[in-house]
Every structure is written in C-alpha cells, then in structure tokens.
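Let me begin by presenting the structure, written as structure tokens, before commenting on it.
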Amino acid sequence: MTVIMDGKLTAEKITAEIKTEVSALTVKPKLAVIKVGDNPASQIYVRNKQKKALELGINSVVLELPSNVSEENLLEQIYILNEDTDINAVLVQLPLTEHINKQRIIEAIEPIKDVDGFTSFNFGRLALGYQPYTFPCTPKGIIRLMDEYNINLEGKKAVVIGRSNIVGKPLSLLLQRQNATVIMAHSKTINLKEHTLSADIIVSAVGHPNLITADMVSEGAVIIDVGINRIDNKLIGDVDFNTVKEKVSFITPVPGGIGPMTIAMLMENTLELYKFQKSLGL
Ligand code: GUN
C-alpha cells in the first residue's frame, strides 16, 4: 500500500501550534519580504506567504520593488530592515532579475534575521554541522514531513536531483546530518536511472515534468517531489505521479506536498528568530 504524504495536513498541524504560540505574545513577530519585479510565480509565492502570516497572527510587510531597481537601492532597503527592531525576519524572494548580484544581496541580510538560512553565515554553519540561526525552509520541510511519517534515514541511500542553493545543496547536508548516504545528481549526471534505481529515497527538485518515471524507481522507495511545473494551467511536479505511486512506499503529491511544508517552515523560522532575538534582549 502506497502512502500519499499529506504535506497540507502536516503543515496545518504545525501552523496551528504556531498560531497558538503567537496568540499568547503581546508583541507579534514580524516578517519582511522583498519582491523585485513581477515574476508570476514569485507573485503567487509571496501572496501565499503573506496570507499565511496574517492567518497566524504574524505581522508581515511586503516591499514591492520595480524590476529595474538598482542594486544599491535594494541593498539600502535591506540595511533599513536590518536596523529596524520591529522586523524579526527578512526574506528576499528569488529569483532576482539578472542585473542584480544575488550574492551581494543575500549577504547583506543580517544573519540573525536571515529567515531563509541563505547567508554564508547560516549556510556555512549548516555545512559545518554547527547550529545555524535558521535552516532553509524547503529542505527543513522535507525532513520534517519524512519524520512525521516515521521514515528512518539512517544508512539509507538518498538521491537528490538538483543542486540549487535553495533546495538541493542544503537538503543534501541535512540528509547527511540524519546519517543518510547522499548522492547529488544534476543536469550533467550520467545515467541518472542507474542511481535512482538503487535509491531508498529520491528527491527531485529540478522543475522538469515527468523526469522521474516508474521504470526509474525501485519497489518500496520513498519519493519526494519538489518540482513545481505549470502545464495547461495545472500544477504538476517532476514525478510521473500516477505510474510511480503504484511502485513506491511513500510519495508526495503536487500540489499539497512540499509546497505547504515550505510555508509552514517559513512561519516557524520567523517565530524562532523572534524568540531568539527576544532572548538576547533585542
Ligand atoms: N524562491 C523559491 N523558493 C524560495 C525560497 O525558499 N526562498 C526565497 N527567498 N526565494 C525562493
């Protein structure tokens, strides 16, 4: 029997707890989101983040900057948010437009407000096995969902497809922390199928519909689909869900899998940063 992992339900359980905790606070946590330009996917993601924050009693502010905003101007906005003691968490929605140096922008975020865990301070700590202020939201959500379903990672072979800074790279580090044996596959990997066929866990974070087909997975594998592809106005993942689900033990759907978990982790990170800052008297 295949288990369809319900990210929506799990996220609702987590956010209900956050809501209760936030309701007891007199000063509420506050998240600032910067969005540059009008990338249609980013518009939807940012709106969803704002909606969820509102629902949980977390304050949020969205700074919408035009696509031609200068790097200096964008940096200036980040410095203002870093200094603003009302703001606990800062997120710059990615991707940024081409003319902006992404590295410079992310590095400008104060690590203690880096809600994505993308600064070299937090990412470096993750890589070194130390405690960062935050763990990146999507990888954290994936680990949490597998934990919810009691999937033991120790000694298991995990194949992560995609090496982005947002998902693939930090996820591979988190999986290693859980004692999985991790293979990072990417667009230049030769014979992907050879790797996936011997994997206990397959995570696809590429954005390529039907990349993972039933012939590529072994019986009883765990399949985590991070892909978000819009085809004929319908959202689908990277996995050929209907055929793959017949073979595997656990699989995440798209939508309703990792997407809601990512937003729940963003809310959790915001609350964690708030609490840490308060503990320091900030
Ligand atoms: N774009 C897609 N996913 C993410 C994310 O987790 N954080 C940010 N900042 N941008 C994204």
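A short reminder: the numbers here are calculations on the coordinates, not readings from a lab. These numbers were taken from a predicted model, which means no experiment stands behind them. Backbone-built Cβ (ideal geometry, glycine too); neighbour counts: all protein chains shown.
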Could you check LEU54 against (1) hydrophobic (A, V, I, L, M, F, W, C); (2) within 16 Å of the ligand (Cβ to nearest atom); (3) in contact with a Ser or Thr (Cβ under 9 Å, 6 or more places away or on another chain) and say which number it fails? (2)
Of the residues that make up segment 235-242, is at least one part of a loop (DSSP other than H, G, I, E, B) and either crowded, with 20+ Cβ neighbours inside 10 Å or within 16 Å of the ligand (Cβ to nearest atom) (or both)? yes
A careful count of residues in segment 210-234 that are over 20 Å from the mean Cα position of the chain (by Cα) and under 19 Å from LYS8 (Cβ atoms) gives 1
Go through (1) within 16 Å of the ligand (Cβ to nearest atom); (2) within 18 Å of the chain's Cα centre (by Cα) one by one and return the number of the condition GLY124 breaks. (1)
How about segment 22-49: which of its residues are within 18 Å of ASP116 (Cα to Cα), among the basic types (Lys, Arg) and touching a strand residue (DSSP E or B) at 6+ places or on another chain (Cβ under 8 Å)? LYS30, LYS35, LYS49
Restricted to segment 106-121 and to residues being within 11 Å of the ligand (Cβ to nearest atom) and of a type in the set (Asp, Glu), the residue farthest from SER279 (Cα to Cα) is ASP116
Any chance you could count how many residues in segment 73-87 are part of a loop (DSSP other than H, G, I, E, B) and within 16 Å of the ligand (Cβ to nearest atom)? 1
Please go through segment 88-105 and give me each residue that is within 13 Å of the ligand (Cβ to nearest atom) and over 15 Å from SER60 (Cα atoms), ordered by number. LEU94, PRO95, LEU96, LYS102, ILE105
Quick check on segment 22-36: of everything there that is surrounded by 14 or more Cβ atoms within 10 Å (Cβ to Cβ) and more than 13 Å from the ligand (Cβ to nearest atom), which residue is farthest from the chain's Cα centre (by Cα)? LEU25
Criterion first (among the β-branched types (Val, Ile, Thr), more than 26 Å from GLU71 (Cβ to Cβ), more than 10 Å from the ligand (Cβ to nearest atom) and out of contact with any Gly (no Cβ under 7 Å at 6 or more places or on another chain)) does ILE142 satisfy it? yes
I'd like to verify a number: residues in segment 85-112 that are without any contact (Cβ under 8 Å) to a residue 24 or more places away in the chain and surrounded by 13 or more Cβ atoms within 10 Å (Cβ to Cβ), how many? 4
If you scan segment 7-34, which residues turn out to be of a type outside the set (A, V, I, L, M) and outside any helix (DSSP H, G or I)? THR26, LYS28, PRO29, LYS30
Inside segment 244-253, can you point out the residues that are surrounded by fewer than 19 Cβ atoms within 10 Å (Cβ to Cβ) and touching an Asp or Glu at 6+ places or on another chain (Cβ under 9 Å)? LYS247, SER249
